[in-house]
1. How do the peptides 10-18, 182-190, 243-251, 364-372 rank, highest first, by the average count of neighbouring beta carbon atoms within 10 Å per residue?
2. What whole-number distance in Å separates the alpha-carbon centres of region 12-40 and region 198-273?
3. Of all accessible surface on region 87-253 at a 1.4 Å probe, what whole percent is carbon and sulfur?
4. Through the Karplus equation 6.51 cos²θ - 1.76 cosθ + 1.60, θ set to phi - 60°, convert the phi angles of region 361-378 into ³J(HN,Hα) values in whole Hz; use x for Gly and Pro.
5. Counting only helical runs of four or more DSSP H residues, what would the 222 nm mean residue ellipticity of the chain come to if each run contributes -39,500 (n - 2.57) and the total is spread over all its residues?
6. Do you know the Lys pair count in the chain for C-alpha distances under 18 Å, with sequence separation 8 or more or different chains?
7. Sort region 1-140 into rounded, prolate or oblate with this rule: let a ≥ b ≥ c be the square roots of the eigenvalues of the Cα gyration tensor; rounded if a/c is under 1.5, and if a/c is not under 1.5, prolate when a/b is larger than b/c, oblate otherwise.
8. What net charge do the residues around Ser229 carry, taking every other residue with its C-beta under 11 Å from that of Ser229, with Lys and Arg at +1 and Asp and Glu at -1?
Amino acid sequence: MTRSVLDPSFVARQRETFAADPVARIVQNAVTGTGADKVSLDRDVVNRLDESVSERLDAWPVTDQKHSGRCWAFAGLNVLRARVIKDLNLEDFAFSQNFMAFHDKLEKANHVLTRAVAVADHDLDDEEVRLILEHTGDDGGYWPQFLDLVAKYGLVPAWAIPDTESAGNTAQLNRVLSTVLRRAVLGIRAAATDSDPQEGSERIEAVRLQAMSDVYRVLAIHLGTPPTSFTWQYRDKDKAFHNEGELTPVEFAKKVVPDAVYGYIALAHDPRPENPVGRKYVIDHTPWMEGGTPYTHLSAPLDDLKTAAIAAIRDGEPVWFDCDVARQFDREGGIWDARLHDYDSLYGVDLSMTKAERMSMREIGPTHAMALVGVDLVDGEPRRWRVENSWGDEVGRKGFFTMDDSWFDDYVFRVIVAPERLSEAARVEWAAEPIVLPEWDALS
């Protein structure tokens, strides 16, 4: 194969060309002093993106995941929180995100060890082994994972186990969990070479159980010990006092989470030609909870995602969704628009790609989950969306953000909706066997 060696003369010519371009030098001065995102903001776009919407649900303050990757759980709890506020006629309410994080990390640790046992005879440079070792302390997750945790462990109010310093700043916690698990993987792999299969199996189980005990200890030190019961009492908007007595987390979840929520479906927009629209897909090597629900989605046209989300909002239901959050985004102003930053003009470089091309090239993918809590409709069509984020109230408009519909087209991937919001054909396909996507797919 011919190699293209970069000649120093190329660099010299480019330097001369750049120096002779007054526009390039002015842009250089601006960007080096201010930053590309501020210089590239299209003021016409910024000025037309007001936050008003024709359909709006929220009347509560935002939550704050701080320096953690718990957005998927925050978004899920925010969806359920809106139901509790409405159903119980409350001024406000908050679930404990820390309670969910504790059990999520416990389940993920067990999943890592279970997979490590399954591939104990694979070489260390095997792709599956490498992925296991690289993802030993992750915060991220999916909607089915959220529901599995609610069903298995339940929910508690925020006061029952509030966020600790480590809950909102997970880097140190994740590092020690990774060390515990990687050390255990070493032990599992060593035990797998035992000449006596029975003894090897017993050693593997001993390593796994000790590692899980260590994981629990680390989690309890960083996050606190989750409660096994609490007294549920509250005062509603009409000043009426309610005492529901002593409840376990699972009992509380059964009281406040409608059974129908467990049947909600992930509708995904995936325009890549190799993945036919209208089919059901599953991410390989999921779920991250042993015995849980595989992470599936139904590929659908973009309009189907929007129609289902609008119907949910009109019925008073926030909608969980995931997206590539940092693209065409102004954090301070709390706005997204597909043309918010004019990078092509800023750099004088053509950066255009379709959504399908960007996904195929790993340019974009799901990085964040939030809740849709409003939509602005003009002649029945969405013009902009109101978004409840989980970054606290010091960004956006007291933590709420405005998304132009063009941004939905380019950077939203999945929405979670009730099955009755799907067509009959889509519900039939949802019952079919899924096509398996690799765990490193752009939608994973």
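The values are calculated or read from the model by the stated rules, or taken from the named source; none is laboratory data. Predicted model only: the values in this text are computed from it and were never measured. Ideal geometry is used to build each Cβ from the backbone, glycine not excepted, and the neighbour counts take in all protein chains shown. Just so you know, the surface numbers come from the protein's heavy atoms only, side chains and all, with ligands and any DNA or RNA stripped out. Shrake-Rupley method; radii C 1.70, N 1.55, O 1.52, S 1.80 Å.
1. Details: 10-18: 10.2, 182-190: 18.0, 243-251: 13.7, 364-372: 22.0.
Descending packing order for the listed peptides: 364-372, 182-190, 243-251, 10-18.
2. Going from one Cα centre to the other spans 52 Å.
3. Numbers: 4110 of 8000 Å².
The C+S portion of the solvent-accessible surface of region 87-253 is 51 percent.
4. 8, 6, 6, 9, x, x, 10, 7, 10, 8, 10, 7, 10, x, 8, 9, 9, 10
5. Numbers: 16 runs with 188 residues, N = 444.
Counting only the DSSP helices, I get -13000 deg cm²/dmol.
6. Here the count comes out as 11.
7. On the way: a/c = 4.05, a/b = 1.25, b/c = 3.24.
Here region 1-140 falls in the oblate category.
8. Working: positive: none; negative: Glu246, Glu251.
The answer is -2.
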